[in-house]
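The values are calculated or read from the model by the stated rules, or taken from the named source; none is laboratory data. Computed from a predicted model, the values in this text were never measured in an experiment. Cβ: placed from backbone, ideal geometry, glycine included. Neighbour counts: every protein chain shown.
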Amino acid sequence: MALAEQAKRVADEFEFGKEDVRKAVKEFIREMDEGLQKDGAELSQIPTYVTAVPNGTEKGLYMAVDLGGTNFRVCSIQLHGNTTFSLTQSKVAIPRELMVAKTSKELFSFLAKQIEVFLKTHHEDHYFSHIRRRKTGDQIKEEEIFNLGFTFSFPVQQIGINKGLLMRWTKGFDIQDAVGKDVCALLQAEINELHLPVRVAALVNDTVGTLMARSYTSPGKTGTLLGAIFGTGTNGAYVEKLDKVTKLTSNKDAGDYDKSTGEMIVNTEWGSFDNSLRTLPNTPYDVELDAKSVNPGIQMFEKRVSGMFLGEILRLALVSLLKDPKIPLFRDENSAQNDVHSTTQIHEDSPLWKQWGIDTSFLSICAGDQSPGYRMTRQTLDKDYGITAVSAEDAEAVRVIAAAIGRRAARLSAVAIAAIVIETGRLNSSSTSAATTEKKESVEAPRGEGSSVADKDVIDVGVDGSLVEFYPGFEDHVRQALMEIEEIGEAGEKRIRIGIAKDGSGVGAALIALVAGRVG
Ligand code: ADP
């Protein structure tokens, strides 16, 4: 069989058609409901205690800190109240010895120290007037205290807007005495030791931050419905009716929260949608990727959708073709076609032979390559992947398979977006969310310029992450799939506006601190 036909055969394995999408949406909705009712469901549906989304008129100066894997970021955010903001930021690498310190105090006092340095550098007046007041015994003014949003990217069991118990460390951290403790309280204790005018007002999940940031900056009258991340991993958080979050409303031990809006943001943790593979596609490449991963059987949706995995799926698909010496992919025509390594143009140290060897950004290069004879794709294969003298036919074969993987990821992403749009009933209503007040101005028209979608009918979705930002045509594929879903159709698809939430983590955390400050 010619190479082109072989490539098409593999690409077809990644087909996720209209009926597949529809079935998966139904399953997603079922799992959403299940997760709202009980713990331990496939979709965790974690209540965040954030009960309102911003509308762009919020004002004030807030702080945000972000403890990711390698860096600690501190920033202050001035919300101007007209959907714009200014952000000042500093970043330090976390010393390795603190990641495995004997006591959590060592790590958290380091974090508090960074906040102090930041305040001294960027908010000198504020900092010193606070110190003066303390020395003279004058009363500390409430407005001098910074409300801070704490983005903490480790598994926590959130029990209040600024309370969360560390379940376990990941990403190389290991400080035993912190496990089971409230990380906000640990940080606050160290801030207090330094007498800083800072209150840890909110514990923030990055997806919720994306939703909040988008809702503040997005034009239009309605609040944002969904914040979604398509980066290394994938996840989404959305605005749910409080009375549907029964596992929270029926739990007498649940922490305090503002019930007046009748809504709460729920963190779906949709990376684990359909772990039992009722509706997700499962090619031989998906099976192999999962089997060789550190967490087989877990995060099955994420393994088909997010940046960490798409490059590896492509690699496994290409290696499967290379295993058959009769398939002329990357083959030197003049050599005997009987042994994989000796007859290919692939360097033996090529990343193509190593797990995680292909980065998902390569899929973006393939999808965006319009150069004659796919020069860009061929150059990248040569330069980054040690594959020399790639023919235009080879490049075309790689592109066809890569495109199929990217398209499938986008169509699966549409499943999650569609399920949330349908399940929340937004298609049936054009009313403003109860949790946000009306905006004065209305700017940008939703997708499909010149469309007749009234501002109040827009269903706003904020997204973040390199995949959605840089993969050419990702949104188009999402939209095509959205249109194919009966409940949405062309009319519904037009109402869905998808926009990037820039600087989501900082601004989002500030906005959650603001909301929390109002409540507390
Ligand atoms: P994070 O999710 O870790 O905050 P990003 O949103 O930048 O960070 O996502 C990083 C992931 O995106 C990595 O898995 C990487 O392979 C992938 N990626 C980076 N650049 C691109 C690109 N141009 N196109 C598609 N995926 C990309």
Quiz item: Which ones in segment 285-311 are away from the ligand (no atom under 14 Å from the Cβ), out of contact with any helix residue (DSSP H, G or I) (no Cβ under 7 Å at 6 or more places or on another chain) and touching a residue at least 40 places away in the same chain (Cβ under 8 Å)?
Solution: 292
Practice problem: Take residue 321 and decide whether it is out of contact with any Lys or Arg (no Cβ under 7 Å at 6 or more places or on another chain), under 18 Å from residue 386 (Cα atoms) and assigned to a helix (DSSP H, G or I). | Solution: yes
Quiz item: Among the residues of segment 228-251, is any crowded, with 18+ Cβ neighbours inside 10 Å, under 18 Å from residue 420 (Cβ atoms), outside the structural domain of residue 142 (by TED's automatic domain parsing) and among the hydroxyl-bearing types (Ser, Thr, Tyr)?
Solution: yes
Exercise. Keeping to segment 385-406, report how many residues are over 27 Å from the mean Cα position of the chain (by Cα) and free of Cβ contacts under 8 Å to residues at least 40 places away in the same chain.
Key: 4
Quiz item: Only one of these conditions is not met by residue 513: (1) surrounded by fewer than 21 Cβ atoms within 10 Å (Cβ to Cβ); (2) touching a Gly at 6+ places or on another chain (Cβ under 8 Å). Which number is it?
Solution: (1)
Quiz item: Mind checking which residues of segment 129-172 are buried (at least 19 other Cβ atoms within 10 Å of the Cβ) and either aromatic (Phe, Trp, Tyr) or part of a helix (DSSP H, G or I) (or both)?
Solution: 130, 146, 150, 152
Self-check item: Subset of segment 295-316 that is surrounded by fewer than 24 Cβ atoms within 10 Å (Cβ to Cβ) and aliphatic (A, V, I, L, M) - its residue that is nearest to residue 466 (Cα to Cα)
Solution: 308
Self-check item: Positions within segment 27-67 being free of Cβ contacts under 8 Å to residues at least 12 places away in the same chain and touching a strand residue (DSSP E or B) at 6+ places or on another chain (Cβ under 6 Å), in sequence order
Solution: none
Practice problem: Pull up segment 343-401, narrow it to residues that are of a type in the set (A, V, I, L, M, F, W, C) and not in a helix (DSSP H, G or I), then point me to the one that is farthest from the ligand (Cβ to nearest atom). | Solution: 389
Exercise. Can you tell me which residue within segment 196-228, out of those that are within 17 Å of residue 156 (Cβ to Cβ) and under 12 Å from the mean Cα position of the chain (by Cα), is farthest from the ligand (Cβ to nearest atom)?
Key: 208
Quiz item: Across segment 42-68, which residue is surrounded by the most Cβ atoms within 10 Å (Cβ to Cβ) among those that are of a type in the set (Gly, Ala, Ser) and part of a loop (DSSP other than H, G, I, E, B)?
Solution: 52
